[in-house]
Amino acid sequence: MEEKKTQNEDLKQIDILDVLLDQDNKDPIVLVDENGKQLTFEQVAVIPHEVRKEKRLYCVLKPLDKIDGIADDEAIVFVVDQDKDGNSIIKVEEDEEVAIAVFDKYYDLLEEAQKEEKPATKKLAAKKTTSSTAKVAGKSKPKK
């Protein structure tokens, strides 16, 4: 991600991996597109996935800004890569088959986490506690 300046503010260059892997980060992720436009996303998950015997890291981000062609309830799969200078960057995964596989893995992890939470939820219910969370790829998200 390059350091970009906009009319109203200076953007600080931050390693995207530091943001994606920070379990305590609850802030939206702000990316700058090739035209200098800021786009804001909510991090849904970080998913390791192997493609053609190469282990890659993917992230699922939900746009908080309106993006043409993306419905309000849709998310986008990004692949973590490096630029020519060795800096971590993310870019939209353009291989639809890979993107679907990453989403499938996300749903499997979510389902597994929810199954693991059910016994704990029953114990909490006995204590009259009603809230619980599901851990998904290093991020805590409220269960639905």
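The values are calculated or read from the model by the stated rules, or taken from the named source; none is laboratory data. Just so you know, these numbers come straight off a predicted model, no measurement behind them. Neighbour counts run over all protein chains shown; Cβ positions are idealised from the backbone, glycine included.
K62 meets all of the listed conditions (1) more than 17 Å from Q82 (Cα to Cα); (2) more than 11 Å from the chain's Cα centre (by Cα); (3) basic (K, R) but one, namely (2). Looking at the structure I just gave you, is V19 modelled with pLDDT of 90 or more, surrounded by 12 or more Cβ atoms within 10 Å (Cβ to Cβ) and within 11 Å of the chain's Cα centre (by Cα)? No.
The lone criterion from (1) closer than 22 Å to I100 by Cβ; (2) modelled with pLDDT under 90; (3) surrounded by fewer than 14 Cβ atoms within 10 Å (Cβ to Cβ) left unmet by K55 is number (2). Of all residues in region 98-125, those that are hydroxyl-bearing (S, T, Y) have Cβ atoms under 6 Å from Cβ atoms of residues that are surrounded by 12 or more Cβ atoms within 10 Å (Cβ to Cβ) and at pLDDT below 90, 6 or more apart or on another chain, in T121/S132.
For the structure I just gave you, tell me whether I89 is in contact (Cβ under 8 Å) with a residue 24 or more places away in the chain and assigned to a loop (DSSP other than H, G, I, E, B).
Values: in contact (Cβ under 8 Å) with a residue 24 or more places away in the chain: yes; assigned to a loop (DSSP other than H, G, I, E, B): no.
Against the criterion (in contact (Cβ under 8 Å) with a residue 24 or more places away in the chain and assigned to a loop (DSSP other than H, G, I, E, B)), I89 does not qualify.
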